[in-house]
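Worksheet for the structure shown next.
The values are calculated or read from the model by the stated rules, or taken from the named source; none is laboratory data. Worth saying up front: this structure is predicted, and the values here are computed from it rather than measured. Here Cβ is always computed from backbone atoms with ideal geometry, including for glycine, and neighbour counts include all displayed protein chains.
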Amino acid sequence: MFWASDSTEVHLRLRLNIWTYNYVGTIFGGSFFSAADPFYMLMLIRSLGSSYVVWDKSASIRFKKPGKTALFAKLQITETDFEEIKDAVAQSGETTRTFVIQWKDREGVIHAEIERHCYIADKEFYRQKKGETQRSKFEFKRGSK
């Protein structure tokens, strides 16, 4: 794995092994998904800073070819991406951005594509928007079971 010091690029490797293979001996689909799960959200949080709120909103995967060897993914967020995100948030307080992750073998053949949708908002806008909707529905009292 490689993580750029400015959090704009991450490289991942997914090997076929006892933890990742499925019943038919190829890489389990959930392994594709989980190996790439947190990275775009983390990259955005680290790069945008504390005045933004970032959440993974949804994701989908399209399988193209069974994975029988090590696969690789390169995740990037460009300066243009950051400018577009900041402009969209400045205009409406929030935005949703779609990132595509491609799992490829050493020859560049795509085995799976994941679309990750990340929600990004101005922190103050988000606080006002969520209001009471995110408060806990439960009350916990110390010492009670």
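Quick look at the numbers
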{"quantity": "Odd one out for GLN91, checked against (1) polar (S, T, N, Q); (2) under 19 Å from the mean Cα position of the chain (by Cα); (3) part of a helix (DSSP H, G or I)", "calculated": "(2)"}
{"quantity": "Among (1) surrounded by fewer than 17 Cβ atoms within 10 Å (Cβ to Cβ); (2) modelled with pLDDT under 95; (3) assigned to a helix (DSSP H, G or I); (4) not acidic (Asp, Glu) - the single one TYR23 does not satisfy", "calculated": "(3)"}
{"quantity": "Enumeration of residues in the range 38-58 that are in a strand (DSSP E or B), over 28 Å from PHE28 (Cβ atoms) and of a type outside the set (A, V, I, L, M)", "calculated": "TYR52"}
{"quantity": "Test: residue in the range 91-103 that is of a type outside the set (Val, Ile, Thr), surrounded by 14 or more Cβ atoms within 10 Å (Cβ to Cβ), farther than 19 Å from TRP55 by Cβ and out of contact with any Pro (no Cβ under 6 Å at 6 or more places or on another chain)", "calculated": "yes"}
{"quantity": "Any hit, the range 59-67, residues being touching a helix residue (DSSP H, G or I) at 6+ places or on another chain (Cβ under 6 Å), closer than 29 Å to GLU94 by Cα and not in a loop (DSSP other than H, G, I, E, B)", "calculated": "yes"}
{"quantity": "Residue that is farthest from the chain's Cα centre (by Cα), among those in the range 6-57 that are over 18 Å from ALA73 (Cα atoms) and of a type in the set (S, T, N, Q)", "calculated": "ASN22"}
